[in-house]
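The values are calculated or read from the model by the stated rules, or taken from the named source; none is laboratory data. Quantities reported herein were computed from a predicted structural model and do not represent experimental measurements. Glycine also receives a Cβ, built like all others from the backbone with ideal geometry; neighbour counts cover every protein chain displayed. In case anyone asks, the SASA skips ligands and DNA or RNA and just uses the protein heavy atoms, side chains included. Shrake-Rupley method; radii C 1.70, N 1.55, O 1.52, S 1.80 Å.
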Amino acid sequence: MSGAQNGDLWDPISVHNFSERFMEQTVHFHVMKLSGAFFIWVGSSPLLSNLAVSMSSKYDSMPLSTLVMGDPSDTAPTSLAQRLAKKTKKQVFVSYSLPMTNSSLSLLVENRIKKELELHPEKF
C-alpha cells in the first residue's frame, strides 16, 4: 500500500504560528499538527531547551507524561503537555522555552493556547 493510500503515515505536516504580547514580552507559538498528535513550541527566542510528551492511557483518567529532555525541576512543559493531551485527546509534545520566574505568565500562555484551539481546532 502506498503512503498516499495509507492516510496517516504520509499525511503532510500542518504548521501554524501565532504570537502574543504578555507583560512586555512577546511570546511566539509554533504548532505542528501530526497524525493523531501535535507538537507545540512556546518561547520568546529560538531555543529548544526542553521537550515533554503526554498521551492518554486506558489505565488512568489523567494522561501519562514525561520530560524527554531538559531540566527536570522545570515542570511547565510536562504539566502543559498533560493538560493539552487531556483537553484534545491527542498525543502532545511541548517545548516551553520561557523563564519560570512568573507563574502568571504560564497561565496567560496556556489560556492563549486554549483560545487558539477554540479558534483553529483544525491546526492542532
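Numbers below:
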read-out	value
Those residues of the range 26-65 which are open to solvent by 60 Å² or more (accessible area, probe 1.4 Å) and small (Gly, Ala, Ser), in sequence order	35, 56, 61
When residues of the range 16-25 are limited to those that are in contact (Cβ under 8 Å) with a residue 60 or more places away in the chain, on the phi < 0 side of the Ramachandran plot and not aromatic (Phe, Trp, Tyr), the one most open to solvent (accessible area, probe 1.4 Å)	20
Count of residues meeting criterion [hydrophobic (A, V, I, L, M, F, W, C) and under 11 Å from residue 55 (Cα atoms)] in the range 66-110	5
Selection count where residues are open to solvent by 20 Å² or more (accessible area, probe 1.4 Å) and out of contact with any helix residue (DSSP H, G or I) (no Cβ under 7 Å at 6 or more places or on another chain), scope the range 97-113	9
Residue under evaluation residue 68, criteria (1) open to solvent by 30 Å² or more (accessible area, probe 1.4 Å); (2) modelled with pLDDT under 95, criterion not met	(2)
